Every structure is written in C-alpha cells, then in structure tokens.
Amino acid sequence: MAKPLIPVETIYERALVLLDEEGDSALSTRRLAADLRISTRTLYQQVGNRENLIRTLVARHLSRLRLEFHEHGDWETTALQWCLGLHDALRAHPHLTELMTIDDGDAVMEYVSELVAATRKEGFDPPLADECCRALVGLTINHTIMEVRGMHDTKLSERDPGSAAKTEASFVQSIRWILAGVRAEVTSARPTSTRAPRKPRKAASSRTAQRPASTKAGR
C-alpha cells in the first residue's frame, strides 16, 4: 500500500519556519525533505523545485496579509500609514521578503482597493489613482527588500552604524515625494477659474469713516 502524501500546507509551514529561523541557506530540498521525513522525490512531486517552492511561499504569505486600513485627517497621511503597515507586514518575515521579486508585487494589489478608493475620493482620476497606488506598493516592496538585505550585511552595519535609521528615513521621505508629486500633478491639471476677479470695495466716504460716536445728552 502506497504511503499517503503529506499535506502540502505542512510542507509550506515547515519551509517558512526554516526560513524564519535559519535563513535562505536552510531552505534546500534535502533539508526540508529530511525535516518532514519524506523523500526528495515526494517533495518535488508536491511542490516542485526550490524556485517553485519559494514563489508559492511568497504568494501564500502575501495572500494571508491582513492590512488594516484607516482613514486619517488627510489623504497623504492615510497613504503613508498604509505603506508603513505593508512595510511592517513584510518585515515580519525578513528572510522570505528577501527572496521576493518585483513580480510578486502584483499579489499585493488586491489589498490596495481601499487605498485606491480613498485616492479616488480625493478627486483623482481613476487611472491616476490606480497608477499612484501601484507606485506606492512597488516602492514599499523594493525598499523593504533592500532594507532586509542590508540587515544581513554585517560589513555595511560596521561601516555605517546608523544606516538602518537612514534607510527608514529615506523610505518615508520617498513616499512623501510621490504623494507630493501626484498632488501637484492633479492640482496643475485642474482648470483655473475664468470668473472675473472681484472688484475691490469702494473706500468709505470721509464723512462715514469719521462719524463721531454718539453720546447721551445730559439731563
């Protein structure tokens, strides 16, 4: 009787644990198969090669993200806080994020619907709102990938101990630049008012301007 296949979710969960605890180097087919007590042939049969496993792990992680959306006092703050939330969610599994590519960003776009809606509500045309949100997602993913890779670069941290703080500050500033640029583009595209300028009010006559205060007659 053939041995039943191990649940595929068990494979992915163990692979993520290996990544989180030991990093990319631990995620080999032999190591994973040994941990699961299955043959490498069975592992290939269920999840494919290492690259297929990584891409599925990334997609699986992104599909399970729970990004809370909150509207703040203005659109710029709302968008910035959403990007910071995505950044923190990706940082939760740094070794997995390090293996992401720009193509994986498409899997995040389904979580951007609320941000897109807020951007359109701000008065932005739908194509511009969509493109703006896509740019924000791309920047956040690319920056986070660069950040987690820098975390593992001991030479960089030794050369510049404050590099982490600088990287975080540059991320926030880059987001603000995008938001400011989109806001400026929308403002410049709006037609200017053709209404004639309001004429200045005529100055009050000297008689009116110098009217003395009334006083009560003494009895």
Worksheet item: If contacts are Cα pairs under 8 angstrom and at least 6 residues apart, what is the relative contact order of the range 1-70 in percent?
Response: 28
Worksheet item: Which percent of the accessible heavy-atom area of the range 69-123 goes to carbon and sulfur, probe 1.4 angstrom?
Response: 48
Item to complete: At 0.36 nm per residue, minus the direct Cα-Cα distance, what do Val172 and Ser188 gain on full extension? Give it in nm, one decimal, please.
Response: 3.3 nm
Worksheet item: What dipole magnitude, in Debye to the nearest 20, does the range 14-89 give about its Cα centre under +1 on Lys/Arg Cβ and -1 on Asp/Glu Cβ?
Response: 840
Fill in: Length gained when the stretch His70-Asp88 is fully extended (0.36 nm per residue, less Cα-Cα span)
4.9 nm
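The values are calculated or read from the model by the stated rules, or taken from the named source; none is laboratory data. If you're wondering where the values come from, they're calculated on a predicted model, not measured in any experiment. Every residue, glycine as well, gets a Cβ built from its backbone with ideal geometry; the counts of neighbours run over all protein chains shown. These accessible areas exclude ligands, DNA and RNA; they are computed on the full protein's heavy atoms, side chains included. Shrake-Rupley method; radii C 1.70, N 1.55, O 1.52, S 1.80 Å.
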